Each structure stands twice: as C-alpha cells, then as structure tokens.
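Q: Quick one: structure below, then a few questions.
Each value in this text was obtained by applying a stated rule to the coordinates, not by laboratory testing. None of these values were measured; they are calculated from a predicted model. We place every Cβ from the backbone using ideal geometry, glycine too, and count neighbours over all the protein chains shown.
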Amino acid sequence: MRVFQCAVMGSGGVGKSAITVRFINGSYLEWYDPTNRKQFNVDNQPCLLEILDTAGIDQYLTLNDMFIRESEGFILVFSLCQRDSFEEVLRTYDAIQRIKLSEGGRIIPIVIVGNKSDLIDEREVDTTEGEKLSLNWNCSYYETSARTSININSVFEDIVRQLRKNELSKRQ
Ligand code: GDP
Ligand code: MG
C-alpha cells in the first residue's frame with residue numbers, strides 16, 4: 001500500500017493537533033499515538049497517511065523548511081477566529097512554493113483549512129476569503145471544527161485524492 005506523507009502547518013493555537021487527534025483517534029483533545037499514521041479508505045481504495053503535526057510556524061523557522069522538504073502534501077490551518085493566522089497561511093504557502101519549486105516541483109497538493117467553525121460569534125475571517133485563496137492557488141478549502149468533528153475527514157480524504165493524482169501525473 002502506498003504511504004503518503006503530509007504536514008499540518010499553521011500558527012500556534014489554530015487547532016493543528018486537535019484536528020490531527022480528531023482524525024486519528026476520533027476524539028477531542030486527547031493524547032494519541034505520536035507516530036500519527038492512519039490507514040483508511042478513500043474512494044474504496046486503502047491508503048496509509050503519515051501526518052506530521054508541526055509546532056507553530058513562528059517559533060521554528062528552520063524546522064519548517066525541513067518539514068516542507070519531507071512532506072508531499074500540506075494541510076494549511078488557520079483559525080476562523082484569528083485573522084493573524086489567516087495571514088500566516090500566505091507566508092507558509094510562499095515558503096512551500098520556494099522550497100518545492102527549487103526541487104523542481106509541479107502542482108503541490110494543498111488543502112486550506114479554516115478551523116473553529118463552531119465559534120460562530122468570534123469569527124474574523126469570512127468563508128469567501130478562504131474560498132478566494134483556494135481558487136487563486138488551485139487547491140481546496142474546508143471550514144472545520146475539531147470540536148464537533150465537522151469536515152475533518154473531508155480534509156484528509158481530499159489531500160489523499162490530490163496526492164494520488166500527483167503520483168499519477170509523475171508517472172506520465
Ligand atoms: P495547535 O497549536 O495548532 O496544535 O492547536 P491545538 O490543537 O493545541 O488547539 C489550541 C486550542 O484551540 C485548544 O486548547 C483547543 O481548545 C482549541 N481548539 C482547537 N480546535 C478547536 C475547534 O475546532 N473549536 C474550538 N472551539 N476550539 C478548538
Ligand atoms: Mg499542536
């Protein structure tokens with residue numbers, strides 16, 4: 001079975017770990033296996049996804065470059081309740097482009113995630129802003145809540161579909 005590697009990136013506190021735990025464990029804010037891998041079916045085909053749950057972007061710039069080099073796909077998370085974290089997605093995207101294009105990359109599998117959709121009253125970023133970004137970058141956009149579990153599986157299924165597509169195009 002093909003093993004895919006993806007990194008979950010974004011500012012500290014946006015819910016990267018909560019999303020990863022929710023997906024791997026099906027629970028909210030509980031300890032989980034630090035290897036962070038899960039076997040699951042996408043479009044009736046099994047796959048094994050290894051998920052690198054990174055620390056906040058600002059603190060570990062050099063580590064970020066390493067995570068980017070080691071990953072094939074990227075889940076870029078911001079908090080719908082924190083505008084700063086949305087701006088951070090732009091910077092992370094630039095870093096990914098810089099590193100992957102210098103490696104002679106092609107289309108890079110990316111999913112943008114606006115998390116904490118359950119905190120309706122605290123929203124600072126509109127749905128249309130996330131959608132616009134995903135149109136510009138030709139990637140996907142989901143609004144999730146690790147707390148209620150909404151759209152979490154869709155994010156990981158989407159990245160696997162993109163990774164598969166990417167692999168097929170490499171063979172041509
Ligand atoms: P990380 O630094 O990006 O890994 O963020 P964490 O996963 O540690 O989450 C930071 C805080 O945000 C946690 O204390 C959670 O309580 C909260 N959080 C994460 N996801 C959600 C969510 O979907 N909804 C709400 N309401 N809170 C969330
Ligand atoms: Mg974390």
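Q: With +1 on each Lys and Arg Cβ and -1 on each Asp and Glu Cβ, how big is the dipole of the chain about its Cα centre, in debye rounded to the nearest 20?
A: Numbers: 20 positive and 25 negative charges, 153 e Å.
I would put it at about 740 debye.
Q: Which residue, chosen from ILE110, THR127, GLN162, occupies the Cα position most advanced towards the positive end of the dipole of region 82-169, where the dipole is computed from +1 (Lys, Arg) and -1 (Asp, Glu) charges on Cβ about the Cα centre?
A: The residue sitting most towards the positive pole is GLN162.
Q: Moving on. May I ask you to sort LEU76, LEU63 by Cβ crowding, counting other Cβ atoms within 10 Å and putting the fewest first?
A: Sorted ascending by nearby Cβ count, the order is LEU63, LEU76.
Q: While we're here: If I stretch the segment between GLU103 and GLU129 completely, what's the gain in nm (0.36 nm per residue apart, minus their alpha carbon distance), one decimal?
A: Taking 0.36 nm per residue and subtracting the Cα distance, the gain is 6.4 nm.
Q: Can you give the Rg to Rh ratio of region 1-144, both from alpha-carbon atoms, with Rh computed by the Kirkwood formula?
A: Numbers: Rg = 14.8 Å, Rh = 15.6 Å.
Result: Rg/Rh = 0.95.
Q: In addition: Calculate the spin-label point distance for LEU168 paired with ILE150, positioning each point 7 Å from the Cα along the beta-carbon direction, and give it in nanometres.
A: 3.2
Q: If we count other beta carbons within 10 Å of each Cβ, what is the order of MET1, MET9, fewest first? Walk me through the numbers before you get to the answer.
A: Values: MET1 8, MET9 28.
The most exposed by this proxy come first: MET1, MET9.
Q: Continuing with this model, one more query. Determine Rg/Rh for region 55-138; Rg is computed over alpha-carbon atoms and Rh is the Kirkwood hydrodynamic estimate from the same atoms.
A: 0.99
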